[in-house]
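Accompanying notes for the structure given below.
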Amino acid sequence: MKFVSELEDGDTVNIILAVKKKLGLRDYRNKFGKFFILEAGDRTGSIMVKYWGDDDRLTEKLYSEIQEGDVIEIDGECRHDGYALSINVNPDRGFIKKVEHYDLTRFLEEDEEIEHIMGEIMKLIEQVKEPHLAKLLELFFSSQNFVESFKDAPAGTTGKYAVLGGLARHTLNVAKACMALGEIYQLNKELLLTAALLHDVGRLASYDVDTSIRIGARGKLLGHTVLSYNMVEERIREIVDFPEELKNMLLHAIIAHHSPIVDNVPQRIRTKEAYILFYADMLDLTMSEFSDGVDEEWTYSRKMGRELYTG
């Protein structure tokens, strides 16, 4: 089945797309009847879909049943109308219908190296020998439900990490950077590694992921940092005799890992490990600006407010 970017003028197509906008139910100018227009797309782009109704009642019913965010199967013909390519659907030769089951990767990019990334993360987990930290990581990463959710989770709504598996890649990069910096500055590397592996687990509860990635209500109201803190603290309470100081040091690193750049954070950074986690996190997010699908020698980064050389 073709993607939007592969469609050409004159193609007879059967395609599955997500509805992005409903652009109105309209009357024909020169005859009785109604038609409607949708904007729909997949991960490669968007296209206008025009349904030329021949029965007012059925056309109105179909339009009312289709909602923004729905996934629809379209059988029709591609035509270039002088402005852009669109899919025309005549009910005598084609159809539009809602689809309940579909492949999410048709609409969202997927990190093709996710299995390798997860393997690297599991190797890092094995390096944590402190029994309480090791148990904490086990409570997360021995859960099949957690691992599957973690593998599919994005780490943003835009940019390089707004893909299925984006969270895992970002987590691995931050963990590796923390290990290297922890060695240089002779820090508690097991504490630092555990904080790096868990610092963004709250992103699993922050996004609504279907045919697009959006910040959900919990993400908007609490933010992924607080959600990460809550998830880790909840698991710590399941571990008997978890040392109080170790708990506080770990939770502090998580709750403060955005504090130098966000005014309304719950806590400012007060430990070496928290500083290293912050800078490792920011380093990875900043470096992604240089490789965010860029094909040109120079690109403008809205986040950094400047042009970046990518050649």
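The values are calculated or read from the model by the stated rules, or taken from the named source; none is laboratory data. Just so you know, these numbers come straight off a predicted model, no measurement behind them. All Cβ positions, glycine included, derive from the backbone under ideal geometry; neighbour counts span all protein chains shown.
Just one of the numbered conditions (1) in a loop (DSSP other than H, G, I, E, B); (2) over 30 Å from Val209 (Cβ atoms) is not true of His101; which one? Against the list (1) in a loop (DSSP other than H, G, I, E, B); (2) over 30 Å from Val209 (Cβ atoms), His101 comes up short only on (2).
Looking at the stretch 188-294, the helices (runs of 4 or more DSSP H) lying wholly inside it that each contain 3 or more residues that are over 24 Å from the mean Cα position of the chain (by Cα) and modelled with pLDDT of 95 or more sit at 189-198, 223-236, 244-255, 272-287. Count of the stretch 4-40 residues, restricted to those that are touching a residue at least 60 places away in the same chain (Cβ under 8 Å) and of a type outside the set (S, T, N, Q), is 9.
Looking at the stretch 45-90, which of its residues are of a type in the set (Ser, Thr, Tyr), over 14 Å from Lys22 (Cα atoms) and without any contact (Cβ under 8 Å) to a residue 24 or more places away in the chain? First the steps, then the outcome.
Looking only at the stretch 45-90, we keep the residues that are of a type in the set (Ser, Thr, Tyr), and these are 46, 51, 59, 63-64, 83, 86.
Now drop any that are not over 14 Å from Lys22 (Cα atoms), which leaves 83, 86.
Passing the criteria: only Tyr83.
Condition (residue is within 27 Å of Asp241 (Cβ to Cβ), crowded, with 20+ Cβ neighbours inside 10 Å and modelled with pLDDT of 95 or more) applied to the stretch 160-177: is it met by at least one residue?
yes
The residues listed here are Val163, Val232; of these, the one that is in contact with a Pro (Cβ under 8 Å, 6 or more places away or on another chain) and at negative phi is Val163.
Only residues that are in contact with a helix residue (DSSP H, G or I) (Cβ under 9 Å, 6 or more places away or on another chain) and in a helix (DSSP H, G or I): list them for the stretch 144-165, please. Steps first, please.
Of the stretch 144-165, the ones in contact with a helix residue (DSSP H, G or I) (Cβ under 9 Å, 6 or more places away or on another chain) are 146-147, 149-156, 159-161, 163-165.
If the condition is that a residue be in contact with a helix residue (DSSP H, G or I) (Cβ under 9 Å, 6 or more places away or on another chain) and in a helix (DSSP H, G or I), then Phe146, Val147, Ser149, Phe150, Lys151, Asp152 are the ones that fit.
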